[in-house]
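What follows is a set of notes on a single structure, which appears directly below.
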2 protein chains.
Amino acid sequence: MTDPTRIEADYLIETAYPPEQAAEIMAGEQSSGTFRPVPGETPELKERAAARVERLELLGTVEAPSLPGSGQTIDGQVYQQAHVTLSWPLDNLGPSLPNLIATIAGNLFELKPFSGLRLLDVRLPSAFAAAYPGPKFGMDGTRRLAGVEGRPLIGTIIKPSVGLSAEATGALAAELCEGGIDFIKDDELQADGPACPFDDRVHAVMAAVNAAADRTGKKTMVAFNLTGEIDEMRRRHDLVLAEGGTCIMASVTGVGMSGMIALGRHTELPIHAHRCGWGALTRSPVLGWAYPAWSKLWRLAGADHMHVNGIDNKFTEDNDSVIASARSLSDPMFEANPMRAVPVFSSGQTVHQAPATLAAAGSPDLLVTAGGGVVAHPDGVAAGVMAMREAYDAALSGIEVQDYAKDHPALAAALEAY
Amino acid sequence: MTDPTRIEADYLIETAYPPEQAAEIMAGEQSSGTFRPVPGETPELKERAAARVERLELLGTVEAPSLPGSGQTIDGQVYQQAHVTLSWPLDNLGPSLPNLIATIAGNLFELKPFSGLRLLDVRLPSAFAAAYPGPKFGMDGTRRLAGVEGRPLIGTIIKPSVGLSAEATGALAAELCEGGIDFIKDDELQADGPACPFDDRVHAVMAAVNAAADRTGKKTMVAFNLTGEIDEMRRRHDLVLAEGGTCIMASVTGVGMSGMIALGRHTELPIHAHRCGWGALTRSPVLGWAYPAWSKLWRLAGADHMHVNGIDNKFTEDNDSVIASARSLSDPMFEANPMRAVPVFSSGQTVHQAPATLAAAGSPDLLVTAGGGVVAHPDGVAAGVMAMREAYDAALSGIEVQDYAKDHPALAAALEAY
């Protein structure tokens with residue numbers, strides 16, 4: 001950041017217009033300009049309020065427009081791709097996350113000159129660090145609450161995702177705690193439906209967690225999915241805290257930014273931020289949001305754990321993208337406060353991905369959750385937990401998982417089954 | 001809706017898998033299934049909790065995948081497009097909008113079998129109508145507050161969008177009220193920045209609005225952009241109400257669902273819902289959300305006015321899509337409560353689009369906002385307002401705008417200038 005009074009955002013664009021002109025149209029539309037000159041837009045006003053094109057770097061060209069509807073210039077047979085950086089005066093909006101979204105990711109994606117437009121990254125003045133809490137726990141706080149040091153946290157997702165009663169969920173949690181699991185999360189489809197009410201589930205699961213903790217000294221961290229309205233989320237948070245719980249979970253695309261800010265300000269527990277719905281914003285390579293820009297906004301609002309998909313996942317995202325996402329959560333957001341979040345690897349995870357996942361994160365500071373990869377172990381849930389622990393122990397010690405399995409039967413059975 | 005206990009959603013899919021299999025994978029992933037069978041997923045549990053494929057209608061095929069990353073089957077040279085309807089038991093989630101998003105638009109868009117997946121529409125059990133307020137004002141309440149009957153509301157956007165001080169905004173509002181404008185809105189980029197604080201702007205603008213109303217008996221409706229955190233939005237709403245204001249505005253993608261629900265429950269004024277950022281969710285024709293599905297969720301949360309872009313707009317959206325969006329806001333959501341919202345036409349609007357806009361809405365129950373199309377009129381703001389009024393008066397009377405302009409000089413000047 002060259003200027004601490006300005007917000008900067010990086011974009012990938014694709015356009016048949018002269019790229020400089022296209023970039024100026026973006027800047028105008030997102031600040032003081034409109035489709036024709038208006039009387040009040042004086043040079044002084046523009047100097048004060050206009051967005052600026054800070055950088056423009058040409059990339060390659062494509063022969064056909066990647067997205068429909070773009071206007072063409074006379075030489076419209078070539079579509080130029082480029083990286084563009086725009087900046088805005090902080091004074092236009094102040095350090096406000098909901099308004100930042102309108103500014104950097106508002107009426108841009110459908111602008112006529114563009115057959116592609118994707119927000120890649122964002123850099124914010126320190127006023128934002130003063131205005132928002134950021135992750136209150138991060139990796140250190142999570143490790144402290146989960147009692148896990150020096151290795152990744154091994155987690156699972158309650159499966160079946162939906163359909164279990166509160167009591168059945170509690171019984172499964174008891175088995176998982178017995179097996180020594182570090183972390184359990186609700187599925188994002190399970191929040192407070194009549195078939196498994198939130199309060200009942202918290203009572204049943206925390207009874208199991210607390211009983212196991214009393215016996216073993218290890219308290220499993222459970223991320224209870226409290227996704228809902230603001231007042232509901234605050235009340236549910238307070239219940240989890242009162243029952244001795246150590247984590248809450250919310251689906252950020254369901255809750256949205258103002259709701260997440262309210263939760264971030266209220267919480268006394270780590271927030272496990274689920275990204276379901278994220279695919280709609282990112283799957284087209286020339287549209288929407290790249291993960292670093294998107295995740296920074298949720299980090300600022302208070303997300304401690306953020307989903308990054310998994311190595312060899314069951315979705316369409318490739319491993320390079322997963323690795324880049326995971327690494328980006330360690331990019332320091334502000335000099336005085338990096339606001340790092342914990343990468344959560346999930347989706348089709350089994351013992352097989354342990355070495356690659358550890359390498360992807362670049363450190364043991366990660367959380368991995370395996371659903372079927374734990375509860376579908378042929379020797380049962382406890383063996384599923386043990387196998388995952390053993391796979392990561394092996395990877396952490398630099399031992400081939402296959403070798404380690406020779407005297408670790410749970411791991412051996414998992415390697416064969418999955 | 002055949003079954004009042006189930007939620008239904010329609011999708012466009014594109015897949016190289018057998019379409020029935022692909023649809024079953026969607027249903028499984030979004031309910032009780034995961035990537036491998038798990039012990040607890042009994043037939044009874046599936047009967048109780050699983051999503052169902054209700055309908056599958058094959059469309060055409062494409063030769064190349066529209067989006068990258070999809071898995072292929074052995075006959076993966078053809079990508080079949082289809083319409084699919086899924087349904088879920090309401091008991092899985094209850095009537096909760098944030099959790100509905102996770103269910104119908106969660107971890108779907110990146111599923112391996114799909115080279116395209118787009119949510120088209122949604123139908124909800126009446127439990128949702130009981131749980132949420134819907135639009136508290138709609139067209140009737142808006143007409144009552146604005147004092148406009150039998151014709152569209154003619155509006156404008158404060159331009160330049162940003163850069164004017166609160167005082168300068170008040171002065172522009174005074175000119176616009178003097179010109180007889182029905183409606184004024186803040187730009188979505190203008191909320192509560194240090195350069196134009198919300199409270200100062202409300203004081204300055206409402207002084208102008210109230211003074212004009214005292215003189216003429218007509219109170220212009222002003223949609224003040226209160227986008228922000230929940231408590232900020234509630235407080236700002238209360239200020240607008242106290243000053244005699246009649247409308248508030250929020251950017252729904254910036255605020256998000258839980259925030260909009262809180263605002264919808266709190267408000268005593270119509271909510272003008274801005275859709276900036278919507279392009280990221282919709283511009284790829286095979287990804288994200290279609291407008292009917294998306295707008296229904298905001299209507300339920302309380303949006304009274306919803307942006308639908310404009311005829312011959314400055315964006316990439318074609319007129320057919322704009323018309324379909326506008327019409328969809330009148331689709332009744334529930335038998336006992338249709339929850340209709342007012343279509344707001346904007347973006348590059350001038351006197352030229354009046355007849356087509358009226359035809360698009362299918363009735364005069366609409367709000368049109370022109371920014372440059374009003375304030376850049378060659379004879380000034382008041383003439384800009386008058387020209388827009390005249391254009392819609394002509395269209396409403398079935399008179400050619402060009403003919404009407406013969407004895408309406410403001411309209412004539414606008415036809416020439418724009």
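The values are calculated or read from the model by the stated rules, or taken from the named source; none is laboratory data. All of these numbers come straight from a predicted model, not from anything done at the bench. As a convention, Cβ positions derive from the backbone with ideal geometry for all residues, glycine included, and neighbour counts pool all protein chains shown. Accessible surface is based on the protein model in full, side chains and every heavy atom, while ligands, DNA and RNA are left aside. Shrake-Rupley method; radii C 1.70, N 1.55, O 1.52, S 1.80 Å.
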**Asked** When chain B is treated as a GNM, springs tying every alpha-carbon pair under 10 Å, which of B:F315, B:F334, B:F128 comes out with the largest mean-square fluctuation?
**Response** B:F315
**Item:** Largest-first ellipsoid semi-axes for region B:6-131, taking √(5λ) over the Cα gyration tensor eigenvalues, angstrom
**Value:** 26, 17, 12
**Request:** Take the Cα atoms of region B:188-281, find their three principal axes, and give me the spread along each one in whole Å, biggest first.
**Result:** 45, 29, 24
**Shortest-first nm distances, A:G147 label point to equivalent points in other copies (7 Å, Cα→Cβ)** = 7.1
**Gap separating the Cα centres of region B:313-330 and region A:122-196, nearest whole Å** = 42
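In nm, what is the difference between 0.36 nm times the number of residues separating A:V78 and A:K136 and their Cα-Cα distance?
Between A:V78 and A:K136, full extension yields an extra 16.1 nm.
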**Message:** Given Cβ point charges of +1 (Lys, Arg) and -1 (Asp, Glu) and nothing else, what value in debye, to the nearest 20, does the dipole of region B:34-143 about its Cα centre take?
**Reply:** 280
**Message:** Quick check: net charge around A:T267, other residues with Cβ under 12 Å of its Cβ, Lys/Arg +1 and Asp/Glu -1?
**Reply:** +1
**Asked** Along Cα→Cβ at 7 Å, what distances in nm separate the A:A130 label point from those on the other copies, shortest first?
**Response** 5.0
**Request:** Select the chain A residue whose beta carbon lies nearest to the rotation axis carrying chain A onto chain B, and write the distance in whole Å.
**Result:** A:G256, 0
**Item:** Under 5 Å, built H, 5+ apart or other chain: amide partners of B:M221
**Value:** B:F183, B:I184
**Message:** Springs between alpha-carbon pairs under 10 angstrom, Gaussian network model over chain A: which of A:G69, A:G28, A:G244 fluctuates most?
**Reply:** A:G69
**region B:137-417 - percent relative contact order, Cα under 8 Å, separation 6 or more** = 19
**Prompt:** Once all Cα-Cα distances of region B:44-200 are split into 5 Å bins that start at 0, what whole-number percent is in each one?
**Reply:** 2, 6, 10, 11, 10, 9, 10, 10, 12, 9, 7, 4, 1, 0
**Scattering curve values for the protein assembly as shown, log₁₀ I(q)/I(0), Debye with Cα scatterers, q = 0.09, 0.11 Å⁻¹** = -0.85, -1.26
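Taking beta carbons within 10 Å but only from partner chains, what does the mean come to for residues B:87-95?
The mean count of partner-chain Cβ atoms within 10 Å per residue comes to 5.
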**Nearest-ten-degree value, helix A:291-301 long axis tilted from longest Cα axis of chain A** = 70
**Fill in**
Probe 1.4 Å, protein heavy atoms only: B and A together bury a total accessible area in Å², to the nearest 100, of 7400
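Computed FRET efficiency, Cβ-Cβ of A:A207 and A:E268, R0 22 Å: what is it to the nearest 0.05?
On the way: r = 21 Å, r/R0 = 0.96.
That gives a FRET efficiency of 0.55.
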**Message:** Below 11 angstrom from the Cβ of A:S96, what's the summed charge of the other residues (Lys, Arg +1; Asp, Glu -1)?
**Reply:** -3
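Evaluate Rg over Rh across region B:327-418, taking Cα atoms for both radii and Kirkwood's formula for Rh. Display every interim value, and only then the final one.
On the way: Rg = 14.8 Å, Rh = 13.9 Å.
With Rh from the inverse mean 1/r over Cα pairs, Rg/Rh is 1.07.
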**Complete:** On the accessible surface of the protein assembly as shown, probed at 1.4 Å with all protein chains in place, carbon and sulfur together account for a percent value of 51
**Fill in**
Of A:P194, A:P135, A:P355, the most mobile residue in a GNM of chain A (C-alpha springs, cutoff 10 Å) is A:P194
**Item:** Along chain B, longest interval not containing exposed GluC sites (Glu not before Pro), exposed being DSSP loop plus at most 14 other Cβ atoms within 10 Å
**Value:** B:150-267
**Prompt:** Among B:380-387, A:360-367, what's the highest-first ranking by average C-beta atoms within 10 angstrom per residue?
**Reply:** B:380-387, A:360-367
**Message:** Quick check for you: which residues of region A:375-399 have the amide N under 12 Å from the point 7 Å beyond the Cα of A:D312 toward its beta carbon?
**Reply:** none
**Complete:** The simple spin-label model distance between B:S165 and A:R235, using points 7 Å out along Cα→Cβ, in nm, is 4.7
**Potential extension, B:S126-B:A324 segment - 0.36 nm per residue separation minus Cα distance** = 68.8 nm
**Whole-number percent relative contact order across region B:186-327, with pairs defined as alpha carbons under 8 Å at least 6 apart** = 18
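Given the convex hull over the Cα atoms of chain A, what projected area results after averaging over all orientations, in nm²?
Values: hull surface 89.1 nm².
Averaged projected hull area, Cα only: 22.3 nm².
Enter the mean number of other protein chain beta carbons within 10 Å of the beta carbon of each residue in A:225-232, as an integer. Working shown, then result.
On the way: counts 2, 1, 8, 8, 12, 8, 5, 4.
So the per-residue partner count for this stretch is 6.
Residues with beta-carbon under 11 Å from that of A:L226, excluding A:L226: net charge, scoring Lys, Arg +1 and Asp, Glu -1?
Working: positive: A:R201, A:R234, A:R235, A:R236; negative: A:D186, A:D192, A:D199, A:E229, A:E232, A:D238.
Surrounding charge for A:L226 is -2.
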**Request:** Please work out the average accessible area per residue across chain A, using the 1.4 Å probe convention, and give it in Å².
**Result:** 33
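Using only DSSP helix segments of four residues or longer, with each worth -39500 (n - 2.57), what per-residue ellipticity at 222 nm results for chain B after dividing by its residue count and rounding to 500? Before the final figure, lay out the partial values.
Values: 18 runs with 168 residues, N = 418.
After summing the helix terms and dividing by residue count, I get -11500 deg cm²/dmol.
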**Message:** Taking R0 as 41 Å, what FRET efficiency do you get between B:D3 and A:S363 from their Cβ-Cβ distance, rounded to the nearest 0.05?
**Reply:** 0.25
**Asked** Excluding same-chain residues fewer than 8 positions from B:K296, which lysines have a Cα within less than 26 Å of its Cα?
**Response** B:K136, B:K185, B:K314
**Prompt:** When you look at the Cβ of every residue in B:302-314, what mean number of other chain Cβ atoms sits within 10 Å?
**Reply:** 1
**Fill in**
So, in nm and shortest first, the distances from A:A171 to its counterparts in the other copies, with label points 7 Å along Cα→Cβ, work out as 7.5
**Asked** Per residue in region A:101-134, which ones lose no less than 40 Å² of accessible surface when going from chain alone to all protein chains (1.4 Å probe)?
**Response** A:A102, A:N107, A:F109, A:E110, A:K112
